[in-house]
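S.K.: Quick one: structure below, then a few questions.
The values are calculated or read from the model by the stated rules, or taken from the named source; none is laboratory data. A quick note: this is a predicted structure, and the numbers were derived from the prediction, not measured. Neighbour counts run over all protein chains shown; Cβ positions are idealised from the backbone, glycine included. Side chains are part of the model used for accessible areas, which takes the heavy atoms of the whole protein and leaves out ligands, DNA and RNA. Shrake-Rupley method; radii C 1.70, N 1.55, O 1.52, S 1.80 Å.
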Amino acid sequence: MAKVLIAGGAGFIGSHTCLVLLEAGHQLVVFDNFSTGSPESLRRVQELTGTAGSDRLRVVEGDIRRPLDLSKAFATGWGRFDAVIHFAGLKAVAQSVHEPLLYWDVNVGGSQHLLAAMAEHGCHTLVFSSSATVYGLPERIPIPETAAVLPINPYGHTKAAVERMLADLAASDGRQAPEGGEPRSGGWRIARLRYFNPVGAHSSGRIGEDPQGPPDNLFPYVSQVALGRRPRLQVFGGDWPTPDGTGIRDYIHVMDLAEGHLATLEALWNEPPQLLTLNLGSGRGYSVLEVVRAFERASDRMVPFDLVARRAGDAAHSVADSSEALRRLGWWARRDLSQMCADGWAWQQRHPQGYRSAG
Ligand code: NAD
Ligand code: UDP
């Protein structure tokens with residue numbers, strides 16, 4: 001059993017990952033400021049895993065930009081943490097264009113403080129949430145990890161900056177003693193995971209994605225239209241160079257993604273110190289219209305839409321080459337699009353207002 005600090009564990013991907021790690025027998029401390037995540041998600045994770053009242057999941061409210069809050073989190077474990085998973089951050093591309101300093105402060109500044117706290121407390125194993133956004137407008141599909149990192153918006157720049165910081169840290173290594181000095185602790189084990197498009201929900205329908213305000217992303221928007229909470233979907237561009245003219249993305253079930261984190265931790269713990277960079281995607285692309293049709297089938301509801309102009313900064317196509325994750329972790333995305341829609345719909349139907357809904 002390992003002790004893991006989950007920064008941002010109350011959010012969409014974090015809560016599903018907590019569930020998978022608890023089921024695998026690990027002990028968790030979630031550190032979160034609840035700016036976009038909800039404490040209710042963690043209560044339900046405990047309920048689903050039968051760990052309520054067992055002390056296997058502790059929660060510390062705090063901000064990754066505040067060293068004092070981080071000290072509190074590092075003092076809350078059961079001794080030294082065996083790893084940190086770092087989900088904490090902001091992720092709305094459009095907001096990042098309007099408030100770039102906020103994004104640099106939280107995503108980059110916050111990550112720097114978290115890394116400093118890890119170093120101070122002797123924890124050198126980290127899984128970081130990066131994004132396919134770092135590839136910008138990819139030159140070829142599917143996208144291998146070796147593709148150029150050329151983000152095209154401030155959110156992507158902050159993810160690329162943290163990736164760079166982690167590469168510098170991994171290269172500093174520290175296993176060699178400085179001349180005349182004590183050997184430094186170190187030997188960082190770092191994974192930079194580039195998620196493609198996480199969607200869906202746990203099959204219980206008890207935890208899921210809970211965007212605040214109108215969703216930026218396709219999946220939650222489609223599910224709110226199916227529910228009748230929003231009248232129509234706007235499809236951003238019908239003139240992309242794709243078979244049906246709409247944008248293609250690589251959607252991955254959030255439970256597959258969560259399981260990818262467990263597989264990553266196991267690889268980091270079992271292998272020598274390293275810097276691992278992996279795409280986590282399904283390797284399959286679906287167009288906006290294919291998603292709409294799959295969602296209509298799963299929900300047995302109509303999703304009316306209008307074809308409108310392209311959204312600024314969009315790429316036509318983004319699909320992962322996910323062969324490296326299979327090779328390194330023995331992991332692949334097992335759940336298909338119909339399951340993503342069915343599980344996302346079950347969550348949405350039971351929680352029309354997200355965690356603010358009763359039940
Ligand atoms: P989310 O907003 O649901 O979760 C983020 C969590 O971090 C929330 O619980 C939030 O309260 C917490 N948080 C934010 N700022 C914080 C701070 N300063 N201090 C402490 N906690 C803070 O988002 P998510 O979809 O679960 O994404 C998790 C991570 O994965 C993010 O870093 C995001 O950039 C990355 N990512 C997400 C996607 C996606 O489409 N969902 C794709 C690629 C990468
Ligand atoms: N999209 C759309 N309408 C929406 C939201 C998204 O047509 O309301 C399209 C978008 O142009 C892209 C795909 O759906 O082709 C996925 O968009 P999302 O924002 O979910 O993911 P990202 O573009 O960040 O990969």
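S.K.: Only one of (1) over 27 Å from W347 (Cα atoms); (2) within 11 Å of ligand 1 (Cβ to nearest atom) is not met by H98, so which one is it?
M.R.: The one condition H98 does not meet is (2).
S.K.: Check region 224-245 and report whether any residue there is within 16 Å of ligand 1 (Cβ to nearest atom) and aliphatic (A, V, I, L, M).
M.R.: Checked region 224-245: no residue is within 16 Å of ligand 1 (Cβ to nearest atom) and aliphatic (A, V, I, L, M).
S.K.: Please enumerate the residues belonging to region 56-91 that are assigned to a loop (DSSP other than H, G, I, E, B), over 22 Å from I190 (Cβ atoms) and either in contact (Cβ under 8 Å) with a residue 12 or more places away in the chain or within 16 Å of ligand 2 (Cβ to nearest atom) (or both).
M.R.: Correct list: R56, G62, D63, R66, T76, W78.
S.K.: Please specify each residue of region 1-51 satisfying the condition of being in a helix (DSSP H, G or I), hydroxyl-bearing (S, T, Y) and either in contact (Cβ under 8 Å) with a residue 60 or more places away in the chain or within 16 Å of ligand 2 (Cβ to nearest atom) (or both).
M.R.: Across region 1-51, the qualifying residues are S15, T17, S41.
S.K.: S96 - would you say it is within 16 Å of ligand 2 (Cβ to nearest atom), outside any helix (DSSP H, G or I), open to solvent by less than 10 Å² (accessible area, probe 1.4 Å) and among the small types (G, A, S)?
M.R.: no
S.K.: Here's another thing I want to ask about it. Name every residue in region 302-317 that is aliphatic (A, V, I, L, M) and either more than 9 Å from ligand 2 (Cβ to nearest atom) or open to solvent by 60 Å² or more (accessible area, probe 1.4 Å) (or both), in order of residue number.
M.R.: Scanning region 302-317 gives M302, V303, L307, A309, A312.
S.K.: Against the definition (closer than 22 Å to L257 by Cα and either open to solvent by 30 Å² or more (accessible area, probe 1.4 Å) or not β-branched (V, I, T) (or both)), how does P39 come out, yes or no?
M.R.: So P39 passes the test.
S.K.: Condition first: more than 8 Å from ligand 1 (Cβ to nearest atom) and among the hydroxyl-bearing types (S, T, Y). Now tell me which residues in region 8-40 satisfy that.
M.R.: Once the filter is applied, which keeps residues that are more than 8 Å from ligand 1 (Cβ to nearest atom) and among the hydroxyl-bearing types (S, T, Y), region 8-40 yields only T17.
S.K.: Can you name the condition, by its number, that E47 falls short on among (1) under 22 Å from L262 (Cβ atoms); (2) crowded, with 17+ Cβ neighbours inside 10 Å; (3) at pLDDT 95 or above?
M.R.: (2)
S.K.: Being in contact with an Asp or Glu (Cβ under 7 Å, 6 or more places away or on another chain), of a type in the set (D, E, K, R) and in a strand (DSSP E or B) is the filter here; which residues of region 219-256 pass it?
M.R.: Answer for region 219-256, where residues must be in contact with an Asp or Glu (Cβ under 7 Å, 6 or more places away or on another chain), of a type in the set (D, E, K, R) and in a strand (DSSP E or B): there is none.
Rundown of residues vs (1) over 30 Å from H124 (Cβ atoms); (2) among the aromatic types (F, W, Y); (3) open to solvent by 20 Å² or more (accessible area, probe 1.4 Å); (4) in contact with a Phe, Trp or Tyr (Cβ under 8 Å, 6 or more places away or on another chain), yes/no style:
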site	(1), (2), (3), (4)
E271	no, no, yes, no
L276	no, no, no, no
E290	yes, no, yes, no
D300	yes, no, yes, no
L337	yes, no, no, yes
Y355	yes, yes, yes, no
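S.K.: Let me ask something else about it. Within region 25-39, can you find the residues that are touching an Asp or Glu at 6+ places or on another chain (Cβ under 9 Å) and farther than 14 Å from L5 by Cβ?
M.R.: N33, F34, S35, T36, G37, S38, P39
S.K.: Return a yes/no flag: does region 108-131 have any residue that is part of a helix (DSSP H, G or I), within 16 Å of ligand 2 (Cβ to nearest atom) and buried (at least 17 other Cβ atoms within 10 Å of the Cβ).
M.R.: no
S.K.: Output the qualifying pairs, or none if there are none: Cβ atoms under 8 angstrom, residues six or more apart or on different chains, first residue in region 330-359 and under 19 Å from M302 (Cβ atoms) and among the hydroxyl-bearing types (S, T, Y), second residue open to solvent by 80 Å² or more (accessible area, probe 1.4 Å) and part of a helix (DSSP H, G or I).
M.R.: S338/R297
S.K.: Residue by residue through region 75-93, note down the ones that are open to solvent by 20 Å² or more (accessible area, probe 1.4 Å) and more than 13 Å from ligand 1 (Cβ to nearest atom).
M.R.: Across region 75-93, the qualifying residues are A75, T76, W78, G79, R80, D82.
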